[in-house]
Structure formats: structure tokens, C-alpha cells
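Asker: Take this structure first; my questions come after.
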Amino acid sequence: MHFRDEKLREQQIKARIDLTHTSKNVFGLIILQPSGAFYTLETGGYACYHESAEGVFVPVHEETEDSQQGLLTAHFTGPKWNGWCSEGIDEKDAEYIDYVFSLSPATDYLRVDRFRLDDSKEAWVYVRISESGDDPNCPISGFGNCKGVFVWGNSD
């Protein structure tokens, strides 16, 4: 679907879930697929953009959640970005985020989508989802290899 068509479709659909207001510690994956539900989140650090995507939200809850979220927040509030990552990420950011994903079975099936680096920002990173049907640690099944957006609480 073309970007302009996505915006028009979003305007026509009334089903919205604002993840910003569900929890300050939101941490999870929006699997991008037609669902009739749009998830929104404040992103981009101090820029406070309000991104949205249609799909299915999968919360990530496991023992390393706080440390993974802490690592991501520290990266985007640290010296490189100082809380202002709102206009895309670069390859070094993508490599670091992939490393953070690799720290837990709850996220190690995710990799940053290198074709969407310019669209990614703090608290909103486009990912490729590699589903392995025979991996018992993969928390999702039946979607196949697809795309998504990994989200966490904006640091502003």
C-alpha cells in the first residue's frame, strides 16, 4: 500500500489504541498487517512525534525487559542523540538495536529493517520478523516472515 493510501485509510478507520497512555513502560511489537486497529505512540524523544501503524500489538514481557528497554533508552538519550532521535537512525544504531534484540529469546527473532532506517526513530523502530515455526522460544506463530515496528516508552 502506498504511503498516501495508508494515511487515507488511517483517517477512515476509527479504531485507535494509544500505547502512550496504556503504560509508561510499553515495550513490544506491532506486527504490520491489516487489522482495522491503529496503534499510536509518542516517539522521537523530545520531538514528541505521534506515529501510528495498523497491525497487531504483541507486548514483550520477560525477565530482561527492563534491561533491554534500559539499554535502548540509554542509547537514545546518551551522547550520540541526547534525546533528539526523530529523523531516522543509521547503520550503527541498527547494529546496536540488533544486538539488544539478541539478548533475549523474546526478541531475538527481530532485526532492524535496513530499508526503513530513515523512518525509524527513538521508541519506534521498523523491524523484520523472522518466524521460525519450530522454535519454542518464538512468542509468535502463524504470521510467517513479515514486518513490524518495535516500540518502547518515549524517553522525553
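The values are calculated or read from the model by the stated rules, or taken from the named source; none is laboratory data. Predicted, not measured: the structure shown is a model, and the values here were computed from it. Cβ coordinates were reconstructed from backbone atoms using ideal geometry, including for glycine residues, and neighbour counts include every protein chain displayed.
Asker: Mind checking which pairs have a first residue in region 29-41 that is assigned to a loop (DSSP other than H, G, I, E, B) and among the hydrophobic types (A, V, I, L, M, F, W, C) and a second that is buried (at least 23 other Cβ atoms within 10 Å of the Cβ) and at pLDDT 95 or above, Cβ under 9 Å, 6 or more apart or different chains?
Answerer: Qualifying pairs under 9 Å: none.
Asker: Of all residues in region 19-45, which are surrounded by 13 or more Cβ atoms within 10 Å (Cβ to Cβ) and more than 17 Å from residue 125 (Cα to Cα)?
Answerer: 22, 35, 37
Asker: Considering every residue within region 88-106, establish whether at least one is modelled with pLDDT of 95 or more, assigned to a helix (DSSP H, G or I), touching a Phe, Trp or Tyr at 6+ places or on another chain (Cβ under 7 Å) and more than 17 Å from residue 27 (Cβ to Cβ).
Answerer: No, every residue in region 88-106 fails to be modelled with pLDDT of 95 or more, assigned to a helix (DSSP H, G or I), touching a Phe, Trp or Tyr at 6+ places or on another chain (Cβ under 7 Å) and more than 17 Å from residue 27 (Cβ to Cβ).
Asker: Give the residue, chosen from 79, 136, that is farther than 18 Å from residue 41 by Cβ and at pLDDT below 85.
Answerer: Just one listed residue meets the conditions, 136.
Asker: Oh, and also: Looking at region 71-83, which of its residues are more than 15 Å from residue 101 (Cα to Cα) and crowded, with 16+ Cβ neighbours inside 10 Å?
Answerer: 76, 77, 81, 83
Asker: Further question: Have a look at 83, 44, 88 and point out the one that is in contact (Cβ under 8 Å) with a residue 60 or more places away in the chain and within 14 Å of the chain's Cα centre (by Cα).
Answerer: So the residue among 83, 44, 88 that is in contact (Cβ under 8 Å) with a residue 60 or more places away in the chain and within 14 Å of the chain's Cα centre (by Cα) is 44.
Asker: Also, I was wondering about something else. Being crowded, with 17+ Cβ neighbours inside 10 Å and in contact (Cβ under 8 Å) with a residue 40 or more places away in the chain is the filter here, so list the residues in region 105-134 that pass it.
Answerer: Across region 105-134, the qualifying residues are 106, 107, 110, 121, 122, 123, 124, 127, 129.
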